[in-house]
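The values are calculated or read from the model by the stated rules, or taken from the named source; none is laboratory data. For clarity, every value in this text was computed on a predicted model and none was experimentally measured. We place every Cβ from the backbone using ideal geometry, glycine too, and count neighbours over all the protein chains shown.
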């Protein structure tokens, strides 16, 4: 069974540029999470979906970040105008709706110069 | 709200040393408590689960225990190996019909051969 895949693996931007991250969850997993993991910190939830519906996006900086999961499978996280403080690894995870065990992808390491 | 505190940022041990990492938590629900391990360039992987029902979990030589009285849970291993070098995160799962995950800051373990 394929795991959670993410692309790109690395991104380097100048402040003010936009970037999108893509996630393909494990087949059959209806719940998808996006986390931000700053260097030397634990993952911090940004947003999560059940199917195509947003369940919680309260930690997503709505002025610059957006996330969609239009068909309840793949998902895209976008940063509209990146800041240096956005430098972090962005992790995607998926799980079954009734399960507590989530599976993480390898992450996208973002550096904003 | 729910939270997890993991104070040990870095731990350096020699092979065959005893490992003990502690986390404390705060929640109003009956929590599921997790330990994750993260290797360089990878997303976190679930290592162990502890619930208020079983109080203990064991996997790959690691043991996790839970103390309701002190609202703390521990990860321990009797004899670490160089291959155990990684970052270890504790996490709390809040189940309100949807699963919300709260992670500690992580403990970076270095095992010297």
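Between A:16, A:28, the distinction of being at pLDDT 95 or above and on the phi > 0 side of the Ramachandran plot belongs to A:16 only. The set of residues from region A:68-113 being over 17 Å from residue A:26 (Cα atoms) and out of contact with any strand residue (DSSP E or B) (no Cβ under 9 Å at 6 or more places or on another chain) comprises just one member, A:81.
The rows are residues; the columns are (1) in contact with a helix residue (DSSP H, G or I) (Cβ under 6 Å, 6 or more places away or on another chain); (2) at pLDDT below 90; (3) at negative phi.
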| site | (1), (2), (3) |
| --- | --- |
| B:20 | no, no, yes |
| B:23 | no, no, yes |
| B:27 | no, yes, yes |
| B:37 | no, no, yes |
| B:49 | no, yes, yes |
| B:74 | no, no, yes |
| B:81 | no, no, yes |
| B:100 | no, yes, yes |
| B:113 | yes, no, yes |
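I'd like to know if region A:40-56 contains one or more residues that are closer than 14 Å to residue A:110 by Cβ, touching a strand residue (DSSP E or B) at 6+ places or on another chain (Cβ under 8 Å) and away from chain B (no Cβ under 14 Å). Within region A:40-56, none of the residues are closer than 14 Å to residue A:110 by Cβ, touching a strand residue (DSSP E or B) at 6+ places or on another chain (Cβ under 8 Å) and away from chain B (no Cβ under 14 Å). Within region A:67-107, the residues that satisfy the criterion of being under 13 Å from residue A:51 (Cβ atoms), more than 13 Å from chain B (Cβ to nearest Cβ) and surrounded by 14 or more Cβ atoms within 10 Å (Cβ to Cβ) are A:68, A:69, A:72, A:73, A:74, A:75. Of all residues in region A:15-53, those that are closer than 28 Å to residue B:87 by Cβ and part of a loop (DSSP other than H, G, I, E, B) total 9. Which of the residues that make up region B:1-33 are within 15 Å of the chain's Cα centre (by Cα), in contact (Cβ under 8 Å) with a residue 60 or more places away in the chain and assigned to a strand (DSSP E or B)? The answer is B:3, B:4, B:5, B:10, B:11, B:19, B:21, B:23, B:25, B:32, B:33.
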